Structure formats: structure tokens, C-alpha cells
Amino acid sequence: MDIDIRNLSKSYYLHGKEIPVLRNLSLYIAKNELISLTGPSGVGKSTFLHVLGTLDTPSSGTITYDDCQVHALNDAKIAAFRNKHIGYVFQFHHLLSELSALENVMMPLLMRRQSRNLAQDKAKEMLAFVGLSHRVLHKPGELSGGEQQRVALARALAHGPTVLLADEPTGNLDEKTGQEIVDLIFSYNESFGTTVVLVTHNQRISNSFKKRLTLTKD
Ligand code: ADP
Ligand code: MG
């Protein structure tokens, strides 16, 4: 889907005080596009991803996915939209520690009411894609940091999202391991056309994106 962001503003309100974060941001993201997002800490990168991914609402302005002005939908429809179209990866993997890699990747599929068999096949396929076929029964604590993040990536992509939102997915990894995660994301984009917006503080990683967006404090 193409994403048309028009005059997007977002403020938080805390103790009756307005905290303006995003101001009048307009941006067109074409289907299949890969975008890096950089900017100083606290500038609003995570806020932008949250609003883009419908985890939060704009204060004003619109985000239109193809013909769908998504925040105008009711809550149930927004949730359904998010479930179908959005995948998230964060700096910390947020895997469930008691579950194996396989079960962690199956979880969002089971939550979307897929059968156990289908969920398991898909999860195995995704773990193979991220190079972890030999680690499917390991729990997060039995995996390296890079492997944990690969599982988180497999989990985020298992339902075939239209858009992958990655909030500093390499922030906790060394340069080489981080680059491997980014390479996997590029390779997935090439095969399946998933749109990607990736927040990073790493200049080299940012430079590997054709389209780069920087948020600045004014
Ligand atoms: P970044 O990801 O670029 O570091 P964030 O989007 O997390 O920045 O935060 C942007 C600004 O909004 C920060 O000043 C932060 O303190 C503030 N902020 C973030 N979330 C909330 C919230 N839920 N309530 C109030 N202020 C918030
Ligand atoms: Mg952030």
C-alpha cells in the first residue's frame, strides 16, 4: 500500500501541559519503499512509528493507506487493520522467555486464529528465512542477542505485513550482527515488497537506505 501522510501533528498531554512532538509532518511513502529514520533522542521517532502503525492517534493531520484513512476507522477496525498490515520490531526483542523460538513465532499466528499446523509450518519457514532452522526449540535465554532479534524479526513478519516498522532494531547489537538483521530486512523487502521504516542511530546503516528521513528539533 502507498502511505500518504499529511500535516501530521502529535502532542502528548501530561498534567494539563501540552508536549508537542511532531509538527506538520507530510510524507509520501510508496509501496515497497525502504526508509531509514534518524534524529536525536527524544525528537519523536518512536512516536512517529506508533502513530504510523496505529498504536497511537494523531493530534491532527491524516495518514491514508491507499484509500483508507486509517485513524478515522473505529477502534475494532483499526485493530483489525493493524493485525493485518503492520509488523513491529523493537530494540529489545520482547520474546516470551518460557516459549521456544518456534512457539514465539507461532504466537501471533495463533492469535490471528490460524490452525496450529499452518502456524507451525509458517513459523518454521520464517525461522529458516532468518537462518535459525537449527535453533527452533531454543528458548530466548538460550539464544545470542543477534539470534533473539532474528526470532523477533521472524515473528514480526510471519503474518505477512504490508509495512514493517522497526524501532532501533539493531540498537542493542554489535555492528556486524546489526548489519545482518538489516540485510535480512532488505532481502525480505526484495522478495515480498514489504514497506519498511527503520529507526537507527547508526550512520552506516542509515546510509545503506536509498531514502533517508531525519527528524530535527526546531
Ligand atoms: P525518540 O524515539 O525520537 O527518542 P519519542 O518519540 O520516544 O522520541 O519521544 C518524543 C518526546 O515525547 C520525548 O520528549 C518524550 O519525553 C515524549 N513522550 C513520549 N511518549 C510520551 C507519553 N506517553 N507521554 C508524554 N510524553 C511522551
Ligand atoms: Mg525511540
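A few points about this structure:
- Of the whole protein surface, ASP56 contributes about 40 Å² of accessible area at a 1.4 Å probe radius.
- Residue order for ARG204, ARG150, ARG212, ARG135 - accessible surface, 1.4 angstrom probe, largest first: ARG204, ARG212, ARG135, ARG150
- Exceeding the 24 Å Cα-Cα cut-off - candidates LYS124/LYS210; LYS10/LYS77; LYS31/LYS84; LYS45/LYS211; LYS139/LYS210: LYS124/LYS210; LYS139/LYS210
- Residues of the chain: accessible area per residue with a 1.4 Å probe, Å²: 51
- With the convex hull drawn over the C-alpha atoms of the range 47-118, the volume per residue is 120 Å³.
- Two-decimal Rg/Rh across the range 105-218, once Rg and the Kirkwood Rh are taken from alpha-carbon atoms: 0.99
- Whole-number Å³ per residue for the convex hull built on Cα positions in the chain: 133
- For LYS122, a cut-off of 20 angstrom between C-alpha atoms picks up these aspartates and glutamates, skipping any fewer than 8 places away in its own chain: GLU103, GLU147, GLU190.
- Chain lengthening between PHE192 and ARG116 when straightened (0.36 nm per residue, less Cα-Cα): 25.0 nm
- Over all distinct Cα-Cα pairs of the range 94-168, the Kirkwood formula returns a hydrodynamic radius of 12.1 Å.
The values are calculated or read from the model by the stated rules, or taken from the named source; none is laboratory data. Everything numeric in this text was worked out from a predicted model, so none of it was measured. We work out accessible area using only protein heavy atoms, side chains counted, and drop any ligands, DNA or RNA first. Shrake-Rupley method; radii C 1.70, N 1.55, O 1.52, S 1.80 Å.
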